[in-house]
């Protein structure tokens, strides 16, 4: 059977596209390899998404989008896409080593947390090193932790972690880059001594014995060690496009997917939307808009191929 549309990924952009496409009667299947809602679902609170004056948790927003997509008939399946091949009349998608055929494909795989690439990081992943505060924060009740990252994500996750940790050292690799509103939100935790912010750090190593013991760094040129039982890393995002490396789909220098004005990639019938797309603003609101625009472009494309 040849599907009308296969969407890869299940973040806000993907789910929005599926709402539009399924509502138009386009047979739509989403493949997701891990978490429905992507990084948005793992965000404690989203304060800048329109229509929610008091904010909304990432899980609630993702769950609402999922329910709406299912209501219109979207099929959501778990599976990891390994490749996409253009077979002219259809696209061949390999999912967990099984071939799936579709007339059109939407790549909406979003981004993932960047790694520091320092000693002790990969070795201790899941054993004290984490990239998700909402996933792992509760394991650090009354413990000292280090948060690495001086941008919005680092500060937001540090604020969430104050629910559990006895003290948090936030290590910014340069100057603090978080927005003023988020800086204002964290200030009360700085004032009461639960959070300490440090700038100009070169992170050298995550220290461990049988468990995490701390972080070694150069702070303003001075060697320092911050003791901690957990390390949370938020130093930017990278696109989930490894599965496209062997395809003919064009990527930019940072490995984001290049599209034209119709959201179409260099492979005919394959589109991209959301954070994975080159030029994305990395905001949920624009990812949702991208998803809607992509679905409309895909609808026009399918109408020409019938």
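Residues checked against (1) farther than 16 Å from residue 38 by Cα; (2) in a strand (DSSP E or B); (3) without any contact (Cβ under 8 Å) to a residue 24 or more places away in the chain:
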residue	(1), (2), (3)
94	yes, yes, yes
99	yes, yes, yes
109	no, no, no
150	yes, no, no
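For residue 181, only one of the following conditions fails: (1) part of a loop (DSSP other than H, G, I, E, B); (2) over 14 Å from residue 232 (Cα atoms). What is its number?
Going through the list (1) part of a loop (DSSP other than H, G, I, E, B); (2) over 14 Å from residue 232 (Cα atoms), residue 181 breaks only (1).
Does residue 122 count as under 25 Å from residue 36 (Cα atoms), surrounded by fewer than 17 Cβ atoms within 10 Å (Cβ to Cβ) and outside the structural domain of residue 293 (by TED's automatic domain parsing)?
yes
Quick grid of which residues meet (1) touching a strand residue (DSSP E or B) at 6+ places or on another chain (Cβ under 8 Å); (2) touching a residue at least 60 places away in the same chain (Cβ under 8 Å); (3) buried (at least 24 other Cβ atoms within 10 Å of the Cβ); (4) more than 29 Å from residue 89 (Cα to Cα):
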| position | (1), (2), (3), (4) |
| --- | --- |
| 219 | yes, no, no, yes |
| 224 | yes, no, no, yes |
| 228 | yes, yes, yes, yes |
| 233 | yes, yes, yes, yes |
| 258 | yes, no, no, no |
| 265 | yes, yes, yes, no |
| 280 | no, no, no, yes |
| 292 | no, yes, no, no |
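So for segment 57-75 (the condition being surrounded by fewer than 17 Cβ atoms within 10 Å (Cβ to Cβ) and assigned to a strand (DSSP E or B)), does at least one residue qualify?
yes
Can you tell me which residue in segment 26-44 is modelled with the highest pLDDT, limited to those that are surrounded by fewer than 21 Cβ atoms within 10 Å (Cβ to Cβ) and out of contact with any strand residue (DSSP E or B) (no Cβ under 9 Å at 6 or more places or on another chain)?
35
Quick check on segment 268-297: of everything there that is on the phi > 0 side of the Ramachandran plot and assigned to a loop (DSSP other than H, G, I, E, B), which residue is modelled with the lowest pLDDT?
Per the stated criteria, the residue is 282.
Within the bounds of segment 34-50, is there any residue that is on the phi > 0 side of the Ramachandran plot and more than 12 Å from the chain's Cα centre (by Cα)?
No; the residues of segment 34-50 include none that is on the phi > 0 side of the Ramachandran plot and more than 12 Å from the chain's Cα centre (by Cα).
Among 188, 211, 250, which is surrounded by fewer than 16 Cβ atoms within 10 Å (Cβ to Cβ), out of contact with any helix residue (DSSP H, G or I) (no Cβ under 7 Å at 6 or more places or on another chain) and assigned by TED's automatic domain parsing to the domain that holds residue 48?
Result of the check over 188, 211, 250: 250.
Within segment 45-55, can one find any residue that is surrounded by fewer than 16 Cβ atoms within 10 Å (Cβ to Cβ), part of a strand (DSSP E or B) and either in the same structural domain as residue 249 (by TED's automatic domain parsing) or touching a helix residue (DSSP H, G or I) at 6+ places or on another chain (Cβ under 9 Å) (or both)?
No: segment 45-55 contains no residue that is surrounded by fewer than 16 Cβ atoms within 10 Å (Cβ to Cβ), part of a strand (DSSP E or B) and either in the same structural domain as residue 249 (by TED's automatic domain parsing) or touching a helix residue (DSSP H, G or I) at 6+ places or on another chain (Cβ under 9 Å) (or both).
The values are calculated or read from the model by the stated rules, or taken from the named source; none is laboratory data. From a predicted model like this one, the values you see are computed outputs, not experimental measurements. Virtual Cβ from ideal backbone geometry, glycine too; neighbours counted across all protein chains shown.
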